[in-house]
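Contents: one structure, followed by commentary.
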């Protein structure tokens, strides 16, 4: 049995795995209350292909790329063109996973028309299969307009990083009855507007469970406890590639940062000592039919 290898060709399906079909927005919506959804961020083709092969349901081309990929302090400077660029790369590596692209700061806030134009660009030029935007009741009309045009929308409430200055920092949201009621009302507004899923970020677990029970679409938590319909993490965080602060809610499933450090140290040593390249890394002389790669 064969399936595409994500590079345009085909390859054998790994032993013990059935051929997988492409995950769609309607299929994700239908998972409400069922098997939990696994979502990770991705920003390039190579990482997308690896995560896709491992069985991730959703790949998020997040504006978090501004912080983890570009080294910025916030997500605010990220542009629509930058999301498009990274989304195209991720889409090429996503054979199975659904690809959702973030709508960056000021790409949807001005009007429903602006929001639709931005969403259309992410789908048409960025090859995204849906878009995600931050906010609740105040962006319901934008969500409604985008959905009406045939573009699936994922919502995002709780801690919304694009509003970091208004929130006074990256703080847990929904603490206290009034704040909790606002988060629930925002999630319901997105549900009614037609979102197919809603991210809940940095809210107390009890509130996340209440929101999950109070909307008809899947909730995907990040720092929101186990009561959601799915979970999302930044790929570099969960792989242990972030050498700085690790958020409280993140489990490091590997320590690839340390492994990369060891590998590069070994490479530098071998180059300086003349141990690399060896004979086995050299092409044969005199008319060899070997094909050279042009990685550099």
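Every read-out reported here was derived from the displayed coordinates using simple, explicitly stated rules and does not represent laboratory data. Just so we're clear, the structure is a prediction, and the values are computed from it rather than from any experiment. Note that each Cβ is placed from the backbone with ideal geometry, even for glycine, and that neighbours are counted across all protein chains shown.
Observations, loosely collected:
- Cβ-Cβ distance of residue 182 and residue 30, R₀ of 22 Å, FRET efficiency by 1/(1 + (r/R0)^6): the value works out to about 0.15.
- At full extension, residue 226 and residue 50 could sit 60.8 nm farther apart than now, given 0.36 nm per residue minus the alpha carbon distance.
- Highest-fluctuation residue, 134, 125, 201 considered, GNM on the chain with Cα pairs under 10 Å: 125
- Projected label points at residue 258 and residue 213, each 7 Å from Cα along the beta carbon direction, are separated by 4.1 nanometres.
- In degrees, nearest ten, helix 256-273 long axis to first principal axis of the chain (Cα): 20 degrees
- Helical content alone sets the calculated 222 nm signal of the chain at -10500 deg cm²/dmol, taking -39,500 (n - 2.57) per DSSP H segment of four or more residues and averaging over every residue.
- GNM result for the chain, Cα springs below 10 Å: residue of 194, 135, 274 fluctuating most strongly: 274
- Whole-angstrom gap from the range 83-124 to the range 193-241, using each part's C-alpha centre: 20 Å
- Given their separation in residues at 0.36 nm each and the Cα-Cα distance between them, residue 276 and residue 22 gain 87.2 nm when the chain is fully extended.
- Cβ-Cβ FRET estimate between residue 148 and residue 109, R0 fixed at 25 Å, reported to 0.05: 0.85
- Least to most buried among 262, 210, 280, 117 (fewest other Cβ within 10 Å first): 280, 262, 117, 210
- Max mean-square fluctuation residue, GNM over the chain, Cα-Cα springs under 10 Å, options 279, 49, 188: 279
- Sequence of 170, 267 once ranked by neighbouring C-beta atoms within 10 Å, starting from the fewest: 267, 170
- The candidate values are (i) 23.0; (ii) 20.6; (iii) 18.3; the one derived from this structure for Kirkwood radius over Cα pairs in Å carries the label (ii).
- For the range 24-152, the normalised intensity computed at q = 0.19, 0.21 Å⁻¹ comes to -1.07, -1.25 (log10 of I(q)/I(0), Debye sum over alpha carbons, equal scatterers, no solvent).
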